[in-house]
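Peer 1: Submitted below is the structure of interest, expressed as structure tokens.
No lab work stands behind these numbers, since they all come straight from the coordinates. On a predicted model such as this, the values are computed, not experimentally measured, just so you know. Cβ placement follows ideal geometry from the backbone for every residue including glycine, while neighbour counts extend to all protein chains displayed.
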Amino acid sequence: MVFHPPLWVLVIEAKRAQYSLTVAIPQALAYMLADTNTEKPVFGFVTNGNEFRFIKLIKGVIPQYALSDLFALDSRDDLYTVIKILKRLADLIRNS
């Protein structure tokens, strides 16, 4: 599932949440690289339903990306952290 930029969301659809996010990151980066806006960073979010990771892509002559820490539902307050990050990204996108 992919939502319209500048925030790309990739959800791994599976019956088990044991699929690694590492298989989703290259696919998400491919979608993000296809975004025609080269002036602003592009943000991504991948999840398998249990784990969550954010991606930031800065385009240029040599595109560079960074990955957030890995967040998980079964970790202390990770879900609240993910929600805070999503809200902050929404604010950044809305105000840009």
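Peer 1: Can you compute 3J(HN,Hα) from phi for each residue in the stretch 71-88, using the Karplus curve 6.51 cos²θ - 1.76 cosθ + 1.60 with θ = phi - 60°, rounded to whole Hz and x for Gly and Pro?
Peer 2: The phi angles translate into 10, 9, 4, 8, 9, 2, 10, 4, 4, 5, 5, 4, 5, 4, 5, 4, 5, 5 Hz.
Peer 1: How would the stretch 53-96 be classified by its alpha-carbon gyration tensor: rounded, prolate or oblate, with rounded meaning a/c under 1.5 and the a/b versus b/c comparison settling the rest?
Peer 2: Oblate, because a/c is 1.5 or more while a/b does not exceed b/c.
Peer 1: With +1 on each Lys and Arg Cβ and -1 on each Asp and Glu Cβ, how big is the dipole of the stretch 35-96 about its Cα centre, in debye rounded to the nearest 20?
Peer 2: Computed about the Cα centre, the dipole is about 240 debye.
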